[in-house]
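Colleague: Before anything else, here's the structure in question.
The values are calculated or read from the model by the stated rules, or taken from the named source; none is laboratory data. Because the structure is a prediction, the values reported are computed rather than measured. Cβ: placed from backbone, ideal geometry, glycine included. Neighbour counts: every protein chain shown.
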Amino acid sequence: MRFVSWWPVVFHNIMSPLSLYIHWPFCLKKCPYCDFNSHVRESELEQERWLQAYFHELDYYKDRLKDRKLVSIFFGGGTPSLMSEEMVERLLGYINDIWSIKEAEITLEANPTSFEAEKFKAFKRSGVNRISLGIQALNDNDLKFLGREHSVSEALGALDKAAGIFKNYSFDLIYARPHQTLAQWEKELEQAIKLINGHISLYQLTIEKGTKFYSAYQNKEFELPNEELSAQLYEITAKMLGKEQLYPYEISNYAKRGYESQHNLAYWYYQEYLGIGAGAHSRLRLADNIIGRQALMNIHNPQQWLKAVEEKGHALQNNEIVGQIDMELEMIMMGLRIASGINKQLFTQETGKNLLNLLNIDVLNQLKESRLLEEDEHSIRLTIDGMLLHQSIINQLVI
Ligand SMILES: C[S@@+](CC[C@H](N)C(=O)[O-])C[C@H]1O[C@@H](n2cnc3c(N)ncnc32)[C@H](O)[C@@H]1O
Ligand code: SF4
């Protein structure tokens with residue numbers, strides 16, 4: 001990638017789809033496993049100042065992108081359910097003046113405390129039409145271990161509230177926790193299945209550098225399930241959800257047909273997205289007939305992001321072109337995360353290359369024989385067993 005300091009030429013992709021990500025970087029408490037750009041505030045937050053900063057960032061991009069069709073908005077964090085009802089309403093109103101939000105999927109990530117669940121109705125009135133709740137575990141001991149602020153009964157209350165207000169809601173669980181047996185997870189999953197509407201995200205616990213869990217794990221304060229048990233946990237998960245017509249449309253995301261998160265699919269289909277807020281990323285198309293994407297990244301630190309936006313109207317830290325080779329690799333990596341895989345025709349349309357020419361055909365055939373990968377005239381895709389080995393398959397497969 002190389003650094004560019006200009007906006008690439010004019011755009012011709014009128015009405016091509018665009019997704020918008022809004023990062024809210026604050027939480028009530030930092031969870032010991034989390035390395036997201038999320039921070040605990042010591043003093044009261046001036047939400048008005050942050051709201052104005054989002055307006056400035058939107059102003060900065062609007063002339064360039066206002067002709068796109070906005071298909072999804074995602075409030076992620078941090079904990080966006082800590083935003084005030086008024087802030088969400090005014091922000092969506094501002095966005096609606098640039099693009100119409102009428103047909104967009106609008107998701108807001110929420111923590112399941114009763115204080116946050118009280119805001120769901122107001123969020124819905126503002127246009128939010130999908131809630132994603134961070135439940136994480138359905139037993140109180142593990143919630144405590146994960147450092148969460150809510151109990152199981154509070155989580156169930158928030159889910160119940162979400163179900164009464166939103167047609168479309170999802171929740172997250174983290175599994176492959178220390179000491180978790182296959183039988184325990186099966187039991188918890190049975191309980192979870194009864195609570196699913198059409199979508200659930202299930203993440204295996206990962207130990208990220210810089211988190212409290214990282215040092216605790218290094219000091220052998222706890223152990224994680226070994227590779228074999230992790231694989232069994234993944235397989236039983238896919239099997240149990242499969243019986244309920246919830247298919248793994250992405251490695252960690254399961255949905256009934258029609259309930260897939262449009263916003264996440266936009267990332268995995270390599271569609272255009274704009275990210276605003278601290279640390280947010282964007283991938284924007286270059287002008288027609290130019291292969292590549294523009295990759296933008298905002299300043300990570302929330303206070304520095306705020307200062308930069310107030311001074312310059314934007315907080316860009318990186319502005320690069322994703323060149324041909326990097327783009328091909330990104331498309332392969334994203335495409336192999338999803339059940340529908342990489343669409344060969346779309347790949348050629350975007351990159352000008354034949355997908356198969358970029359892959360080691362002997363490895364491809366071995367993967368097919370081992371039932372880790374499937375191929376037909378339209379696409380190549382990983383099977384459930386293949387998804388478990390996503391990164392190592394890419395390492396072997398791409399020439
Ligand atoms: C931005 S965070 C969640 C937002 C919200 N603040 C919450 O905690 O519910 C998105 C999701 O990533 C998952 N996650 C974060 N760190 C993880 C880790 N180290 N291992 C597995 N899942 C993780 C959690 O399930 C979390 O709900
Ligand atoms: S998991 Fe959610 S609540 Fe916990 S620190 Fe990360 S973003 Fe905040």
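Colleague: State the number of residues belonging to segment 4-41 that are within 16 Å of ligand 2 (Cβ to nearest atom) and either at pLDDT below 50 or hydrophobic (A, V, I, L, M, F, W, C) (or both).
Modeller: Qualifying residue count, segment 4-41: 9.
Colleague: Another one. Those residues that are in contact with a Ser or Thr (Cβ under 6 Å, 6 or more places away or on another chain) and not in a strand (DSSP E or B), I need them from segment 128-148; list them, please.
Modeller: Listed by number, the list holds a single entry, 140.
Colleague: State yes or no: is residue 382 under 21 Å from the mean Cα position of the chain (by Cα) and touching a residue at least 60 places away in the same chain (Cβ under 8 Å)?
Modeller: no
Colleague: State which residue is nearest to residue 114 (Cα to Cα) when the search covers only segment 138-154 and only residues that are within 12 Å of ligand 2 (Cβ to nearest atom) and not basic (Lys, Arg).
Modeller: Checked segment 138-154; the qualifying residue nearest to residue 114 (Cα to Cα) is 150.
Colleague: Among the residues of segment 155-172, what is the count of those that are farther than 15 Å from residue 130 by Cβ and crowded, with 20+ Cβ neighbours inside 10 Å?
Modeller: 1
Colleague: Against the definition (under 16 Å from residue 155 (Cβ atoms), under 22 Å from the mean Cα position of the chain (by Cα) and of a type in the set (Val, Ile, Thr)), how does residue 207 come out, yes or no?
Modeller: Criteria not met by residue 207.
Colleague: Could you please give the count of residues in segment 363-377 that are among the polar types (S, T, N, Q) and not in a helix (DSSP H, G or I)?
Modeller: Matching residues across segment 363-377 total 1.
Colleague: Something else: What residue, among those in segment 92-127 that are among the β-branched types (Val, Ile, Thr) and part of a strand (DSSP E or B), is nearest to ligand 2 (Cβ to nearest atom)?
Modeller: Among them, the one singled out is 107.
Colleague: Which of the residues spanning segment 159-178 are of a type in the set (Phe, Trp, Tyr) and near ligand 1 (Cβ under 10 Å from one of its atoms)?
Modeller: 171, 175
Colleague: Step by step: first the residues of segment 65-90, then only those that are assigned to a helix (DSSP H, G or I) and surrounded by fewer than 23 Cβ atoms within 10 Å (Cβ to Cβ), then the one that is nearest to ligand 2 (Cβ to nearest atom). Which residue is that?
Modeller: Only one residue fits best here, namely 82.
Colleague: So, of the residues in segment 272-305 that are closer than 18 Å to residue 74 by Cβ and surrounded by fewer than 19 Cβ atoms within 10 Å (Cβ to Cβ), which turns out to be farthest from the chain's Cα centre (by Cα)?
Modeller: 297
Every residue, every condition in (1) under 23 Å from residue 71 (Cα atoms); (2) out of contact with any Ser or Thr (no Cβ under 8 Å at 6 or more places or on another chain); (3) not assigned by TED's automatic domain parsing to the domain that holds residue 343, yes or no:
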| site | (1), (2), (3) |
| --- | --- |
| 257 | yes, yes, yes |
| 271 | yes, no, yes |
| 274 | yes, no, yes |
| 293 | yes, yes, yes |
| 305 | no, yes, yes |
| 309 | no, yes, yes |
| 312 | no, yes, yes |
| 315 | no, yes, yes |
| 320 | no, yes, yes |
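Colleague: Let me ask another. For residue 222, all conditions in the list (1) in contact with a Pro (Cβ under 9 Å, 6 or more places away or on another chain); (2) buried (at least 18 other Cβ atoms within 10 Å of the Cβ) hold save one; what is the number of the exception?
Modeller: Result: residue 222 passes all but (2).
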